[in-house]
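The structure under discussion appears below in the form of structure tokens.
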Amino acid sequence: PPMGFAATDNASQSYPVPSCPETQPNPVYGTQLDEVLGVFFGECSSLGVPVMAHASPSNASMESSEKLASPTFWRALMGTHATAFLDGSSQVRVSLGHMGGDHDVQHLSEWREAIVDLMRDYPDRVYADLSYYEHILGSSQTRLHLADQLASLKKPHALRNVMYGSDWSMLAAVPRSHDYLDAFVSFLTTEMQLDTSQRQDILGLNAVRFFGLGSQSAGRERLQLFHGDTGGWMFQEG
């Protein structure tokens, strides 16, 4: 599916279908996409494989497709189209990349607030990352504005499910990108006023939970099996 795909309900969308010789009419394409995604999420659930998805109205690969990344579709998946999410049997963990984005630090992001609400309603199932938050590299005033927009991240259910991210291939084009990690830590400390434990969660421990890297987790066991004795520090306890 295109950058910023809808997690479900593709059959009702009117976005253009990529042109290729075997392209089906749009309604058929959308229905098939929903069916394939259903199988995909089911496999991820059974295998304990985490899912990452673009969740910012940006970088659309096709006209008007940026709206498909909306958290509205993820709520529809969890609340309507997948009973396993409701009864607790689903093991799918999703990370909604960019958490709505920081395109306009002057206005509250409805997408970001909706994602925070999803974290509340589906704890340990919905995560998000703060990758490509370039305004963290801006002026003190810009950082303060961003901190105001991110105030909802200080809710307990969000602090456990938000992760540091860089989206390095995009961030590398931004001036001073090499300072991003240091600026991010400083931002969490100064502007966001998070304590050491909260910063540690965002900077690493939440990612350990999301990717299943803890002891006896499926993700860690797969990596150990694949890397064998070459994993080194990755598999050290602590």
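The values are calculated or read from the model by the stated rules, or taken from the named source; none is laboratory data. Everything numeric here is computed off the predicted structure, so don't read it as measured data. Here the Cβ is made from the backbone with ideal geometry for all residues, glycine too, and neighbour counts use every protein chain on show. Side chains are part of the model used for accessible areas, which takes the heavy atoms of the whole protein and leaves out ligands, DNA and RNA. Shrake-Rupley method; radii C 1.70, N 1.55, O 1.52, S 1.80 Å.
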Reciprocal of mean inverse Cα separation for the range 134-176 (Kirkwood radius, Å): 11.9
Solvent-accessible heavy-atom area per residue, rounded to whole Å², over the range 80-209 at 1.4 Å: 47
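What net charge do the residues around Tyr180 carry, taking every other residue with its C-beta under 12 Å from that of Tyr180, with Lys and Arg at +1 and Asp and Glu at -1?
On the way: positive: Arg176; negative: Glu134, Asp167, Asp179, Asp182.
Its environment carries a net charge of -3.
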Cβ-Cβ FRET estimate between Asp148 and Asp124, R0 fixed at 35 Å, reported to 0.05: 0.80
Estimated distance in nm for a label pair at Lys155 and Thr196, the labels positioned 7 Å out from Cα along Cα-to-Cβ: 2.9
Percent RCO, i.e. relative contact order, over the range 38-174, from Cα pairs under 8 Å lying at least 6 residues apart: 23
Label-point separation, His227 to Leu108 (7 Å along Cα→Cβ), nm: 4.2
